[in-house]
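For reference, the structure is listed below as structure tokens.
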Amino acid sequence: MSLAGDAVEHLPPAPIYHTVYFELDTTTPTPESQKLIEGVYQQVADYPVPEVVVIGHTDTQASTAYNMTLSEARAKLIKDNLIAHGITPEMIRVEARGESDLLIPTADNVDEPRNRRVVINVR
């Protein structure tokens, strides 16, 4: 610590990563995610000058086009909630991945709850 001196105190905070899971074919977070989500929003709001990337995902149920739209709707819901918690809209970027970036690889038309998610990256 003595070699680094005050430099360590001026390092930016570590990035934050959170995942919110969703019910099948909805923009409704699962009950487990619902219990944690307010704390996530508050942690992001407390982050000094956050740059937030919100990435929506789906499982492979439904068509590719439908899943892209659903993943975008999920990500926009999280963005709107972050804005409601005081994050400036210009600091939030939304990405939709649909079923193209599966956490758990599956065949088409497979119901996989861990793929129905929004990832929140804060740096």
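The values are calculated or read from the model by the stated rules, or taken from the named source; none is laboratory data. Bear in mind that the values here come from a model prediction, so they are computed numbers and not experimental data. Heads up, the Cβs are rebuilt from the backbone with ideal geometry, glycines too, and the neighbour counts pull from every protein chain shown. All accessible areas refer to the heavy atoms of the entire protein, side chains included, with ligands and DNA or RNA removed. Shrake-Rupley method; radii C 1.70, N 1.55, O 1.52, S 1.80 Å.
Taken about its Cα centre, the chain carries a charge dipole of about 80 debye when Lys and Arg each add +1 at the Cβ and Asp and Glu each add -1 at the Cβ.
Once the other residues with Cβ under 12 Å from the Cβ of residue 68 are scored (Lys, Arg +1; Asp, Glu -1), what is the net sum? Combined, the nearby Lys, Arg, Asp and Glu give -2. For the chain, the 222 nm mean residue ellipticity estimated from helices alone, with every DSSP H stretch of n ≥ 4 adding -39500 (n - 2.57) and the total spread over all residues, rounds to -10000 deg cm²/dmol. Axis angle, to the nearest 10 degrees, between helix 64-84 and the longest C-alpha principal axis of the chain: 40 degrees. In the assembled protein chains, residue 101 presents an accessible area of approximately 60 Å² (probe radius 1.4 Å). Against the longest alpha carbon principal axis of the chain, how many degrees, from 0 to 90 and to the nearest 10, is the axis of helix 31-46 turned? Taking Cα atoms only, the helix is inclined about 30 degrees.
Packing here is the average count of other Cβ atoms within 10 Å per residue, and on that basis the peptides 46-56, 85-95, 69-79, highest first, run 69-79, 46-56, 85-95. Gyration tensor over the Cα atoms of the stretch 33-103: the corresponding equivalent ellipsoid has semi-axes (square roots of 5 times the eigenvalues, largest first) of 25, 12, 10 Å. Expressed to the nearest 5 percent, the antiparallel share of DSSP beta bridges inside the chain is 70 percent.
What's the local net charge at residue 108, with K and R +1, D and E -1, over the other residues with C-beta under 13 Å away? That works out to -4. Tally Lys and Arg at +1 and Asp and Glu at -1 over the other residues with C-beta under 13 Å from the C-beta of residue 33: what net charge comes out? Charge balance near residue 33 sits at +2.
Among 9-15, 113-119, the peptide with the highest mean count of other Cβ atoms within 10 Å heads the list, and the full ranking is 113-119, 9-15. For Rg and Dmax of the Cα atoms in Å, the candidate list reads [x] 16.5, 58; [y] 26.4, 81; [z] 14.2, 44; the entry that matches the value derived from this model is [x].
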